[in-house]
Amino acid sequence: MPNRLTISELTAKLGQREVSAREAMESCLRRIHRTDRTIKAFLSIDENDSVAQADAADEALRHGANHQEQPLLGVPVAVKDVIAVRNQPLNCGSKVLGHFRSPYDATVIEKLRTAGAIVFGRLNMDEFAMGSSTENSAFQVTQNPWDPSRIPGGSSGGSAAAVVADDCLAAFGSDTGGSIRQPAALCGCVGLKPTYGRVSRYGLVAYASSLDQIGPLAKTVRDAALLLRVIGGHDRRDSTSIPEPVPDYTARLDGQIKGLKLGLPKEYMVGGLDPGVSQAVRAAVEQLQKLGAEVVEISLPHTDYAIAAYYIIATAEASANLARFDGIRYGLRVDANDPIELYCRTRGAGFGTEVKRRIILGTYVLSSGYYDAYYLRAQKVRTLIRQDFLNAFEKVDAIVTPTSPTAAFKIGEKSDDPLQMYLMDIFTISANLAGICGLSLPCGFTKNPKLPIGLQLLGKPLGEETILRIAHAYEQSTSWHKEKPGL
Ligand code: GLN
C-alpha cells in the first residue's frame, strides 16, 4: 500500500514506474475512508481535485519529469486548516470563518506545488491554533491513533494523527509554542519547527506573529529534511523571512555524530515529568552517547518564566491579529441593527471559549496601566530566555530534552483546567520565544498503555542541519519510527 511508504520510498517507486501517483493518492483516500470516521483527522477533502493533481503528476512523469528537479512529484501531502490553499476551505478550526475559501495559495503551498506535491485535505486543529489537544476545534475531536480514548496533542493534532495513521505521506502544521512538536511526540512521528524566519508565513493565518512558524510532520527525519528544503527560504511577501540560502538538508544525513556536543538542561528533567518519559529520554541520551556524541549538563536558568511570558506575548498578539474577524470581511456574520452590535454578536457566536479567553487576556495585558507590568516585562523575559539559549549554544551543538512532560492524556482530562493544559507546553515554548529551531522524534513508548514518547532536539538559529543530522543518526540506530498503531 503506497500510503504506508515514506516519501523517499514512494518517490523511488514512482521513478521506477512501480506505482503511479494516482495509485498513491487513491490508497490514501481508501485509508481515510476506512479509518478517519473514528480518528477524525480531516475536516474536509476535495477528492476530485486530489485525483486530478495525481493524474497531472503521472502525466508529467510520462513526459520525463523527475524527482531531481521536482523532489515531491506525485507525493500526497495534507495541510492544517490554518494554511491557505487556493479555492479550498480555510476555517482555522473555527466557526467564525463560516464558508470562507482561500482566494490564494500560501507561499509554502506554492513551493510544494512547484516541487510536484499533491496538496490535499484540511486537517483538524485547535481553534486558531490555541491549544495542546485539538479539543478546542469547533468541529470535532481528533483521536490519537494509538488509543481512541486519548488526545492526539495539539494544536496540529489532525496533522500528526493523519501522518501516523498513514492517511498521507506527510503533513504540514504550524508551531507557535509547540504545536508541531508536541502532537508529533504524542502520536509518534517526526515534527520540525524551523528557526523563526526560515519558512515564509505568507498565507498562514496569524495567531502570534512573532512566534508562528510552519513546518513538516513526517514519518522519518529524512522526509522532514526534504520537506524543509522545499518550503524554506526568503519570501518578499514575508518581511521576517530570512534571506539566507536553504541548504540541502538531506545531503549530510550520514549517521555521523561523533564529536558533537549535546546539552541536557538540568531545569528540564525535574518534577511533573512522567517516569516513563524520563526513562525513555535518558535511554535516548545514552544511545546518542554510544553513537559518539558527548553529553554535558547545561543550565537554562529562565525556564521557569517561559510559560508566563509566552501566555502574555502570545495572547497580546492574538488579541490584535484576531480583531480582523469582525463579521464584515470574512465568513460568519450575525446581523444586527448597528455595526458595534454586529461585531459583538458575530464574535460572540463565532469564537469558542479558549479563543475568547485569550483575546480577553491579551487585551488586558496590553491595556494602559498594565502594559508595562505585563507585556513589556514579558518581552524582557523573552530576551533573557533567548540569551539563555545563545549562551548554551556557545558550549554545545544542540540541546536534548523531552518534548512533552507526559504521553497522550485522555480526551476531556484537562479540558476544564486551562492552566494544566498550558503546563503541557513547558518544554516546547521556549524555542518559539527564542526563535530557535527544534524537532521531535519518536524515542520509545510508555508501557500499559503503549503510547509514543518524543525526544526533542533544539538547535541554534538556522541550525536545522545539525539537529536533523543528530535526529537521523538516532533514528537509524533505533526502530521506534517503524512501529505502527494497530488501526
Ligand atoms: N499549546 C500552545 C498554545 O496553546 C501552543 C500552540 C501552538 O503552538 N500553536 O498556545
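Computed values, structure above
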| item | result |
| --- | --- |
| Matching option when the condition is within 13 Å of the ligand (Cβ to nearest atom) and among the aliphatic types (A, V, I, L, M), among 251, 208, 225 | 208 |
| All positions within region 387-409 that are out of contact with any helix residue (DSSP H, G or I) (no Cβ under 6 Å at 6 or more places or on another chain) and part of a loop (DSSP other than H, G, I, E, B) | 396, 405, 406, 407, 409 |
| Given (1) touching an Asp or Glu at 6+ places or on another chain (Cβ under 8 Å); (2) away from the ligand (no atom under 16 Å from the Cβ), index of the condition residue 124 fails | (2) |
| Residue that is nearest to residue 351 (Cα to Cα) [pool: residues in region 174-197 that are out of contact with any Leu (no Cβ under 7 Å at 6 or more places or on another chain) and in a loop (DSSP other than H, G, I, E, B)] | 179 |
| Tally, over region 321-338, of residues that are in contact (Cβ under 8 Å) with a residue 24 or more places away in the chain and over 19 Å from residue 203 (Cβ atoms) | 2 |
| Residue among 333, 345, 282 that alone is away from the ligand (no atom under 16 Å from the Cβ), within 30 Å of residue 374 (Cα to Cα) and not small (Gly, Ala, Ser) | 345 |
| Residues of region 361-376 satisfying the condition of being of a type outside the set (Ser, Thr, Tyr) and free of Cβ contacts under 8 Å to residues at least 24 places away in the same chain | 369, 372, 373, 376 |
| Qualifying positions in region 42-66 - surrounded by fewer than 23 Cβ atoms within 10 Å (Cβ to Cβ) and within 19 Å of residue 110 (Cβ to Cβ) | 46, 49, 50, 52, 53, 56, 60, 65 |
| Any hit, region 398-412, residues being surrounded by fewer than 16 Cβ atoms within 10 Å (Cβ to Cβ) and not aliphatic (A, V, I, L, M) | yes |
| Count - residues of region 127-173 that are out of contact with any Lys or Arg (no Cβ under 7 Å at 6 or more places or on another chain), among the β-branched types (Val, Ile, Thr) and within 16 Å of the ligand (Cβ to nearest atom) | 2 |
| Counted residues, region 178-191 - those being within 13 Å of the ligand (Cβ to nearest atom) and over 23 Å from residue 361 (Cα atoms) | 8 |
| Criterion: under 30 Å from residue 334 (Cβ atoms) and either part of a loop (DSSP other than H, G, I, E, B) or within 15 Å of the ligand (Cβ to nearest atom) (or both) - qualifying residue of 369, 412 | 412 |
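Read-outs throughout are calculated quantities, based only on the coordinates presented, and are distinct from any laboratory measurement. All values derive from a computational prediction rather than experimental measurement. Every residue, glycine as well, gets a Cβ built from its backbone with ideal geometry; the counts of neighbours run over all protein chains shown.
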